[in-house]
Each structure stands twice: as C-alpha cells, then as structure tokens.
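Notes follow once the structure below has been shown.
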Ligand SMILES: [Zn+2]
C-alpha cells in the first residue's frame with residue numbers, strides 16, 4: 001500500500017439554521033463549541049441565525065452530499081481516497097478534525113464561538129480545510145497485472161472522489177494534488193482533487209460593545225453584531241479566501257479583480273480590493289436591499305451605530321467565485337436605516 005496524508009489547515013482569516021427553503025444553500029450553524037457561552041445571549045444567537053439565513057437565501061447553488069471514502073477494485077487491484085475536513089475551534093483556536101467527512105446535500109457547516117480578540121478586531125472567519133489519504137494495493141500476481149489493475153482501480157476511485165469532494169458547484173476552496181508510489185517504486189499514481197465548500201469557522205470578540213438585537217436600530221457607540229456575523233460568514237463561503245477567490249485576484253496587482261460579474265457592475269476591477277486581497281476596498285459603496293447606497297459588507301471595517309445588509313457588489317463577488325446568487329433577497333428583518341445615523345466616533349476592524 002502507498003498511503004499518505006495531506007492536510008490544508010483551516011484558513012486563519014478568520015458562523016442551527018433549519019432548511020426552510022429547499023431551493024438553495026443551508027448554512028448550518030454549529031454552536032457546540034461556543035464554550036464561553038457567548039451565544040447563550042438569545043439576541044446574539046438570533047442575530048447570528050438571521051445573518052446565516054440571509055446569506056443562505058442569497059445562494060441558490062445546489063451542493064452534493066459528501067461521503068467519507070471513495071473506493072474501487074479492479075482485478076487484483078484496489079484504490080481508495082479517504083477524506084477529512086478540518087477547522088479552527090471557534091472559542092480556543094485549536095485545530096479540529098472533522099472525520100468522517102460526511103455532509104448532507106446543500107449544506108455548509110459553520111462552527112461559531114467567541115474569544116477575546118486584540119486591538120480593534122470585531123470578528124474573524126474563514127472556510128475550513130481539508131485532507132485526503134489516498135491509498136492503493138494489489139494482491140499477489142504478476143507485476144504488470146498489478147500495475148494495470150491498480151491503475152484502473154485508481155482511475156475509477158479518483159473519478160468518484162473528484163465528483164464527491166467537489167460537490168457539484170460553488171467555489172473551489174482548495175486543491176490537493178500529488179503522487180503516491182509503492183515502496184518498490186514500481187507504481188506511481190497521480191491525484192488532483194478540487195474541494196468544494198464544506199466547513200467554516202467564525203468567531204467574535206467577547207468584549208466589544210455589541211448591539212445584538214438585529215430587529216432594532218443600532219445604538220450609538222455600539223457595533224452591530226448582525227453586520228459582523230454576515231461579514232464573517234461571507235469569508236466562510238469563500239470571499240477573500242480559497243482557490244477560486246485567489247484565481248481572480250490579478251497576479252500583477254493585489255488590489256485588482258478579474259472576475260466578470262464585478263467588472264460588469266463597475267466597468268473595471270481596478271483597485272476594488274484592499275491591499276490584503278481579502279476584502280473589498282475600504283469605504284466602497286453599493287446598493288443594498290433597500291435600494292440605498294451603503295458601504296459594502298465585505299470592506300474591512302464597520303462603523304459603530306450602523307448596520308450593513310448584503311449589497312449588489314457583495315453578491316457580484318459571490319457570483320464571480322462560483323456561487324449562483326439570487327437577486328438581492330429580503331433580509332430577515334427589514335429595518336429602515338434612516339434615523340440610525342450618528343457621529344462617526346471611530347471605526348473598528350472586522351478582520
Ligand atoms: Zn474580513
């Protein structure tokens with residue numbers, strides 16, 4: 001047997017909703033690792049769930065269910081691809097393994113929690129990582145027959161694994177590729193696997209002056225939790241992170257975007273990204289649900305006393321990386337922003 005293990009760690013830039021709408025994605029929140037009890041605050045949990053529902057409603061892409069292992073046998077040969085996912089514990093930052101790598105159709109599972117974050121950071125979020133253990137074997141036979149049969153079994157298992165882990169749509173979050181050889185060096189087989197969306201991990205600062213209730217106007221000097229939750233969930237589904245995102249950042253300028261939907265909306269993609277290539281440029285405005293110009297959700301900061309809803313530009317970025325999105329959906333709770341204005345007393349970073 002040739003066996004190896006490859007693991008791509010969960011991204012460090014760093015959100016249970018019931019499937020009430022069968023047409024699209026379900027962002028399933030997992031609160032089981034909220035060990036500090038941050039979400040025992042009912043308003044915090046409700047705002048988190050509203051953000052997940054609003055993003056779920058915006059994404060129509062169907063995703064296949066995943067299985068943990070793909071195997072095939074041919075003649076004297078056999079091959080298998082055994083998968084795992086991984087993520088960062090949202091309350092203590094430790095690496096966590098999610099194995100067996102089994103998810104239901106149309107589901108991205110996001111682990112949520114809180115920590116004390118430094119400086120002005122409000123929250124962090126990103127997609128989880130993935131790993132694969134490819135293996136092959138052959139029972140005693142002529143070497144050439146072993147090679148032929150193992151190769152055929154490998155190709156069959158690889159085809160099944162490719163379809164399984166890609167999930168049939170959405171962005172490519174990561175790719176794992178390589179070669180597996182037997183100890184004698186007689187057989188060398190390649191694999192190249194694109195991983196679709198699967199897990200996410202998001203966490204929030206536990207000593208920010210939060211405004212938790214997403215159904216009321218944001219109080220002065222308070223930071224709107226719904227807005228930060230929405231921002232971090234967008235990271236978890238591939239905004240700012242992952243292969244599909246990275247492929248569309250201009251290789252010549254980290255602030256330029258190459259995706260066609262954004263270009264169609266803005267005319268060009270020049271300087272639309274922050275220098276970190278993981279956010280939309282600071283202060284960028286776009287039309288939100290109310291048809292009102294609003295700072296995009298995915299710029300790097302949130303102003304106290306304000307709330308953000310998904311905007312056309314946020315959705316254009318989602319489209320560019322491979323999601324099929326709905327027209328801007330109604331948020332869970334419509335709230336007119338007029339009357340919620342206040343002095344801009346400071347801006348805090350939402351990583
Ligand atoms: Zn961010």
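The values are calculated or read from the model by the stated rules, or taken from the named source; none is laboratory data. If you're wondering where the values come from, they're calculated on a predicted model, not measured in any experiment. All Cβ positions, glycine included, derive from the backbone under ideal geometry; neighbour counts span all protein chains shown.
Out of 276, 271, 299, 213, one residue alone is more than 23 Å from residue 325 (Cα to Cα) and within 18 Å of the chain's Cα centre (by Cα). It is 276. The residues of the range 156-169 that are assigned to a helix (DSSP H, G or I) and out of contact with any strand residue (DSSP E or B) (no Cβ under 8 Å at 6 or more places or on another chain), listed by number, are 159, 163. Tell me the residue from 91, 56, 73 that is more than 16 Å from the ligand (Cβ to nearest atom), buried (at least 19 other Cβ atoms within 10 Å of the Cβ) and not in a loop (DSSP other than H, G, I, E, B), please. Exactly one of 91, 56, 73 is more than 16 Å from the ligand (Cβ to nearest atom), buried (at least 19 other Cβ atoms within 10 Å of the Cβ) and not in a loop (DSSP other than H, G, I, E, B), namely 56. Residues that are under 28 Å from residue 25 (Cα atoms), buried (at least 17 other Cβ atoms within 10 Å of the Cβ) and out of contact with any strand residue (DSSP E or B) (no Cβ under 7 Å at 6 or more places or on another chain): does the range 245-254 have at least one? Scanning the range 245-254 turns up at least one residue that is under 28 Å from residue 25 (Cα atoms), buried (at least 17 other Cβ atoms within 10 Å of the Cβ) and out of contact with any strand residue (DSSP E or B) (no Cβ under 7 Å at 6 or more places or on another chain). Tallying residues that are more than 15 Å from the ligand (Cβ to nearest atom) and in contact with a helix residue (DSSP H, G or I) (Cβ under 9 Å, 6 or more places away or on another chain) within the range 227-257 yields 3.
Of the residues examined, residue 109 is not one that is more than 16 Å from the ligand (Cβ to nearest atom), over 30 Å from residue 145 (Cβ atoms) and touching a helix residue (DSSP H, G or I) at 6+ places or on another chain (Cβ under 7 Å).
Flag set for residue 238, criterion: surrounded by 20 or more Cβ atoms within 10 Å (Cβ to Cβ), touching a strand residue (DSSP E or B) at 6+ places or on another chain (Cβ under 8 Å) and either at pLDDT 95 or above or within 29 Å of residue 107 (Cα to Cα) (or both). Of all the numbered requirements in (1) in a loop (DSSP other than H, G, I, E, B); (2) away from the ligand (no atom under 14 Å from the Cβ); (3) in contact with a helix residue (DSSP H, G or I) (Cβ under 8 Å, 6 or more places away or on another chain); (4) modelled with pLDDT of 95 or more, residue 329 misses one, and that requirement is (4).
Within the set 108, 172, the sole residue that is buried (at least 19 other Cβ atoms within 10 Å of the Cβ) and not in a strand (DSSP E or B) turns out to be 172. Against the criterion of being in contact with a helix residue (DSSP H, G or I) (Cβ under 7 Å, 6 or more places away or on another chain) and at pLDDT 95 or above, residue 131 does not qualify.
Scanning the range 274-288 for residues that are out of contact with any strand residue (DSSP E or B) (no Cβ under 8 Å at 6 or more places or on another chain) and either away from the ligand (no atom under 13 Å from the Cβ) or farther than 17 Å from residue 232 by Cα (or both) yields a single hit, 275.
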